[in-house]
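Beneath this line is the structure, given in structure tokens, with notes to follow.
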Amino acid sequence: MNTYKPQAINEQDFQQQVIEANTPVLVDFWAEWCGPCLSIAPALEDLAEQHRGVAIRKVDVDKNPQLTAEQGIRSIPTLKLFKNGEVVETLTGSQSRRRLEELILKHS
């Protein structure tokens, strides 16, 4: 597994991969049928490779309904940046690569 690529996680590994992580984690809540979700995916892949100080994880909302509800996700894509187990920023809707990079740089 290439740790510098966005990794799919689920309800079972969210605690370890996000809450207990030693580095900031950007979580992309998405779905396969969501056009805006698919449009930001290449930017997230690029940024994961370029900015290794922030881990990028992906949660498929259709496969993880309990986690989606627990995180208060009402629309997708929603990106939440966690630091020390806490949400420090949330972005909802399609985002430019530049905006995503600004978020990562701010917290890496």
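The values are calculated or read from the model by the stated rules, or taken from the named source; none is laboratory data. The shown structure was predicted, so the numbers you read here are calculated from the model rather than taken from an experiment. Virtual Cβ from ideal backbone geometry, glycine too; neighbours counted across all protein chains shown.
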Residues of the range 87-104 classified as under 16 Å from R57 (Cα atoms), of a type outside the set (A, V, I, L, M, F, W, C), touching a helix residue (DSSP H, G or I) at 6+ places or on another chain (Cβ under 9 Å) and outside any helix (DSSP H, G or I), total: 1
Tabulated pairs, the range 28-56, first on the phi > 0 side of the Ramachandran plot and exposed (fewer than 12 other Cβ atoms within 10 Å of the Cβ), second part of a helix (DSSP H, G or I) and among the aliphatic types (A, V, I, L, M), C-beta under 8 angstrom, 6+ apart or interchain: none
Lone qualifier among K58, K5 - being within 13 Å of the chain's Cα centre (by Cα) and part of a loop (DSSP other than H, G, I, E, B): K5
Within the range 17-41, tally of residues that are of a type outside the set (A, V, I, L, M) and under 19 Å from P65 (Cα atoms): 8
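Residues are listed down the side, and each one gets a yes or a no for (1) modelled with pLDDT under 95; (2) in a strand (DSSP E or B):
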{"residue": "Q12", "(1), (2)": "no, no"}
{"residue": "T23", "(1), (2)": "yes, no"}
{"residue": "V27", "(1), (2)": "no, yes"}
{"residue": "L44", "(1), (2)": "no, no"}
{"residue": "A69", "(1), (2)": "no, no"}
{"residue": "I73", "(1), (2)": "no, no"}
{"residue": "I76", "(1), (2)": "no, no"}
Qualifying residues in the range 7-24 (those that are out of contact with any helix residue (DSSP H, G or I) (no Cβ under 8 Å at 6 or more places or on another chain) and not hydrophobic (A, V, I, L, M, F, W, C)) - the one surrounded by the most Cβ atoms within 10 Å (Cβ to Cβ): Q17
Set I104, I73: member being surrounded by 15 or more Cβ atoms within 10 Å (Cβ to Cβ), in contact (Cβ under 8 Å) with a residue 24 or more places away in the chain, of a type in the set (V, I, T) and over 18 Å from E11 (Cα atoms): I104
